[in-house]
1. Scan the stretch 61-79 for residues that are in contact (Cβ under 8 Å) with a residue 24 or more places away in the chain, surrounded by fewer than 15 Cβ atoms within 10 Å (Cβ to Cβ) and touching a strand residue (DSSP E or B) at 6+ places or on another chain (Cβ under 6 Å) and report the count.
2. Counting just the residues of the stretch 88-107 that are surrounded by fewer than 19 Cβ atoms within 10 Å (Cβ to Cβ) and touching a residue at least 12 places away in the same chain (Cβ under 8 Å), which one comes out nearest to residue 23 (Cα to Cα)?
3. I need the strands (runs of 3 or more DSSP E) fully contained in the stretch 16-110, keeping only those with at least 1 residues that are closer than 23 Å to residue 2 by Cα and within 14 Å of the chain's Cα centre (by Cα).
4. Before we move on, is residue 48 closer than 18 Å to residue 75 by Cα, surrounded by fewer than 13 Cβ atoms within 10 Å (Cβ to Cβ) and in contact with a strand residue (DSSP E or B) (Cβ under 8 Å, 6 or more places away or on another chain)?
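A short reminder: the numbers here are calculations on the coordinates, not readings from a lab. The structure presented is a predicted model; accordingly, all values stated were derived computationally and were not measured. With ideal geometry, Cβ positions are generated from the backbone for all residues, glycine too; neighbour counts draw on all protein chains shown.
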């Protein structure tokens with residue numbers, strides 16, 4: 001089992017340091033295919049669906065998961081497609097929480 005799936009997002013405090021590139025690279029190996037690391041500052045993934053309704057339902061599931069985890073992605077919804085962007089706004093970069101949420105989101109779409 002992916003260790004990230006067993007973890008819970010924990011709020012980080014202002015002033016916490018973003019992950020180092022080596023830490024990002026290690027955590028990235030635990031994610032399913034399709035996630036991209038953008039400038040070592042955020043994660044991004046596009047999900048494709050057969051129609052708008054499926055994309056919308058997935059968006060709702062992601063929103064519900066985000067509320068449970070207390071960590072919220074940027075979500076872009078269009079016909080048959082959802083793009084998610086994850087980073088920790090408080091620290092202006094990536095935190096372990098971003099990888100935890102990414103792993104759990106992929107479980108919704110499996």
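1. 0
2. It comes out as 96.
3. Working: elements: 36-38, 42-48, 74-78, 81-86.
Output list reads 36-38, 42-48, 81-86.
4. Working: closer than 18 Å to residue 75 by Cα: yes; surrounded by fewer than 13 Cβ atoms within 10 Å (Cβ to Cβ): yes; in contact with a strand residue (DSSP E or B) (Cβ under 8 Å, 6 or more places away or on another chain): yes.
Answer is yes for this residue.
Yes/no matrix, rows are residues, columns are (1) touching a helix residue (DSSP H, G or I) at 6+ places or on another chain (Cβ under 8 Å); (2) touching a residue at least 40 places away in the same chain (Cβ under 8 Å); (3) within 17 Å of residue 109 (Cα to Cα):
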{"residue": "2", "(1), (2), (3)": "yes, yes, yes"}
{"residue": "13", "(1), (2), (3)": "no, yes, no"}
{"residue": "40", "(1), (2), (3)": "yes, yes, no"}
{"residue": "59", "(1), (2), (3)": "no, no, yes"}
